[in-house]
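Okay, so here's the structure we're looking at.
Values in this text are rule-based calculations from the coordinates and carry no lab data. Treat the numbers as computed from the prediction; the structure is a model and nothing was measured. With ideal geometry, Cβ positions are generated from the backbone for all residues, glycine too; neighbour counts draw on all protein chains shown.
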Amino acid sequence: MSAIISASILAADPLNIGRDAQLIREAGADWLHVDVMDGHYVPNITYGPSLVAALRKQTGAVLDVHLMISEPDRYIRDFAQAGADYITVHPEVCPHLHRTLTAIKEAGCKAGVSLNPSTIPAVLDYVWEQVDLVLLMSVNPG
């Protein structure tokens with residue numbers, strides 16, 4: 001197993017997202033990490049599917065979409081159609097995590113689960129076979 005660097009585009013210039021994505025890749029990042037925040041689950045607001053679609057047109061890099069949103073099930077198909085390769089969700093907002101992960105897979109993406117610092121890893125016990133990625137948060141989201 002080798003390390004994968006998935007660098008966030010959160011600090012990128014939104015007017016030059018393609019350029020900044022290329023700079024991130026040239027700096028050695030394997031994947032591009034897209035932090036999606038809705039102002040509900042977390043206090044900040046960031047990107048939607050349209051930014052993922054714009055990135056997909058600009059790069060062939062793996063797009064690692066991290067949904068920090070209250071109702072991720074409502075948007076899985078939109079992000080998948082926009083070009084996400086991985087979609088990662090938080091179990092705290094997925095009352096039926098196995099259904100959410102199934103929906104991600106059915107949409108053609110790989111499924112990830114994000115664990116906040118206080119999330120008990122045992123939440124993965126009943127979905128482990130569906131999980132392609134575990135994102136360990138070092139801080140609380142947002």
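Working only within the stretch 61-82, note down all residues that are surrounded by fewer than 18 Cβ atoms within 10 Å (Cβ to Cβ), touching a helix residue (DSSP H, G or I) at 6+ places or on another chain (Cβ under 9 Å) and either within 22 Å of ASP132 (Cβ to Cβ) or not small (Gly, Ala, Ser) (or both).
Looking only at the stretch 61-82, we keep the residues that are surrounded by fewer than 18 Cβ atoms within 10 Å (Cβ to Cβ), and these are 62, 70-71, 73-74, 77-78, 81.
Checking which are touching a helix residue (DSSP H, G or I) at 6+ places or on another chain (Cβ under 9 Å) leaves us with 70-71, 73, 77-78, 81.
If the condition is that a residue be surrounded by fewer than 18 Cβ atoms within 10 Å (Cβ to Cβ), touching a helix residue (DSSP H, G or I) at 6+ places or on another chain (Cβ under 9 Å) and either within 22 Å of ASP132 (Cβ to Cβ) or not small (Gly, Ala, Ser) (or both), then GLU71, ASP73, ARG77, ASP78, GLN81 are the ones that fit.
In the stretch 96-107, the condition of being out of contact with any Pro (no Cβ under 6 Å at 6 or more places or on another chain) and at positive phi is met by no residue. Being part of a strand (DSSP E or B), under 12 Å from the mean Cα position of the chain (by Cα) and acidic (Asp, Glu), is that true of even one residue in the stretch 38-59? No, the conditions are met nowhere in the stretch 38-59.
Residues in the stretch 77-88 include none that are of a type in the set (Gly, Ala, Ser) and touching a Phe, Trp or Tyr at 6+ places or on another chain (Cβ under 9 Å). A count restricted to the stretch 110-127 and to residues that are of a type in the set (Gly, Ala, Ser) and within 12 Å of HIS66 (Cα to Cα) stands at 3.
Residues in the stretch 7-30 that are part of a strand (DSSP E or B) and surrounded by fewer than 19 Cβ atoms within 10 Å (Cβ to Cβ): SER8 only.
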